[in-house]
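Scroll down for the structure; my scribbles are underneath it.
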Amino acid sequence: MSAQSYDEGDLRAAAAAAIRAPSLHNSQPWRFRLHDGAIEVLADRSRQLAVADSTGWAVNIACGAATFNARLALTNAGTPADLTLLPRDTGPDVIARLTPGSPRPATYPEQALFAAIPHRHSNRKPFFPDPVPSPVRAQLIEAARAELAWLDLLVGMTALTGFAEIAQSADRVLRRNPQYQTEMAGWTHADQAPDGVPVTAGAPATEPQDLLPQRAFTDRRRAPGRDFEPEPLVAILGSAGDRPTDQITAGQALQRVLLTVTDAGLAASMLSQPIEVPTARDQLRRSLHRSGIPQMALRIGYGQPGRPTPRRDLADVLAEQG
Ligand SMILES: Cc1cc2nc3c(=O)[nH]c(=O)nc-3n(C[C@H](O)[C@H](O)[C@H](O)COP(=O)(O)O)c2cc1C
């Protein structure tokens, strides 16, 4: 027998998990509500970044990741959801509708991923040189596949430097764009704010010899000449196409990959410059020699556990019943 409807308690549990999801500059572009016994994830367009995200790609990725967390919370409370992305009978801001499916206990992997939610943080600091073990690599690829996306791990220095060149050139394009930089600075905070990126979460300022471009959330420097990390594991997550549903699907897969990373004792950070700049994204797509569209680049490795970044209160993200 399937439950008739989710209630206020389910909504709060789902939203509490969902808001821990990553979002571009920690903009948290989401809201949650009950509608006819279903839980809905909505895009909050007032939080869409006008310069960095004029197409809504980053809102879809973030809301997809939030949806995955909400699904895990509902599964772990005993009633997994049936999922509809962009339901036709509502406006374009309803990203996902979660209706109650048949009650069942959560599987062990579902429990492990749910438990990883509060421990997942972007870690932009240098990783240790220890390689990511093969069985974990296979788990990460499977995590993306389970959510109907793909994850390509870049193997060898040739693939890595090829990616680094594309990412660096995209980063240069964005650094030369004053509107982009002003917008990013507006989301970077030295004090306690409920959203945006705290300067303490930034990577040390980039040095000329660094392989990968990291965002300039801080101007803290590190010892001159010291290499950031010798050979990080870089992964490209992608989807079949680039429609909004593909991007939301990619967001769910991203979150499943990140929680699998966390559960394996690894850390990760995201690099979206080569996705945000269209020519770079196209170059990256062609360099992978596969079908589909890249939606995110990830840097994965062993590192110090990251620190949580702020989130707005639940009261600020729970919308009126629709
Ligand atoms: C669409 C998207 C793009 C992102 N791009 C970057 C990026 O280029 N560089 C970076 O360091 N973090 C990036 N992030 C990570 C966010 O900055 C991060 O999720 C946010 O600050 C919240 O911190 P947390 O991940 O530690 O919870 C991105 C996240 C999303 C969802």
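The values are calculated or read from the model by the stated rules, or taken from the named source; none is laboratory data. Predicted model only: the values in this text are computed from it and were never measured. As a convention, Cβ positions derive from the backbone with ideal geometry for all residues, glycine included, and neighbour counts pool all protein chains shown.
Arg12 meets the conditions (1) out of contact with any Lys or Arg (no Cβ under 8 Å at 6 or more places or on another chain); (2) crowded, with 18+ Cβ neighbours inside 10 Å in every case but one. The failed one is (2). Note on the range 136-185: among residues that are in a helix (DSSP H, G or I) and touching a Phe, Trp or Tyr at 6+ places or on another chain (Cβ under 7 Å), the one that is surrounded by the fewest Cβ atoms within 10 Å (Cβ to Cβ) is Leu174. What do you reckon, is Gly322 at pLDDT below 95 and either in a helix (DSSP H, G or I) or within 16 Å of the ligand (Cβ to nearest atom) (or both)? When the stated conditions are applied, Gly322 does not pass them. Filtered by the rule that a residue be touching a helix residue (DSSP H, G or I) at 6+ places or on another chain (Cβ under 9 Å), among the charged types (D, E, K, R) and under 17 Å from Pro80 (Cβ atoms), the range 6-56 gives a lone residue, Asp10. Residues that are more than 13 Å from the ligand (Cβ to nearest atom), buried (at least 18 other Cβ atoms within 10 Å of the Cβ) and of a type in the set (Gly, Ala, Ser) within the range 290-316 comprise Gly292, Gly301, listed in sequence order.
Out of all the residues in the range 271-278, is one or more surrounded by fewer than 18 Cβ atoms within 10 Å (Cβ to Cβ) and in contact (Cβ under 8 Å) with a residue 24 or more places away in the chain? No, the conditions are met nowhere in the range 271-278. When Ala50, Ala65 are checked against the criterion of being under 30 Å from Gly202 (Cβ atoms) and in contact with a Gly (Cβ under 7 Å, 6 or more places away or on another chain), Ala65 stands alone in meeting it.
Of everything in the range 124-135, what is crowded, with 17+ Cβ neighbours inside 10 Å and modelled with pLDDT of 95 or more? Give them in sequence order. Selection gives Val132 alone.
Every condition in (1) under 20 Å from the mean Cα position of the chain (by Cα); (2) over 20 Å from Glu231 (Cβ atoms); (3) in a helix (DSSP H, G or I) is met by Asp195 except one, and the failing one is (3).
Return the only residue of Ala164, Ala193 being modelled with pLDDT under 95 and aliphatic (A, V, I, L, M). When all the criteria are applied, what remains is Ala193. Checking Arg104, Arg172 one by one, the residue that is outside the structural domain of Met296 (by TED's automatic domain parsing) and farther than 15 Å from Leu233 by Cβ is Arg104 and no other. Taken across the range 292-314, residues that are assigned to a loop (DSSP other than H, G, I, E, B) and among the β-branched types (Val, Ile, Thr) do occur, with at least one present.
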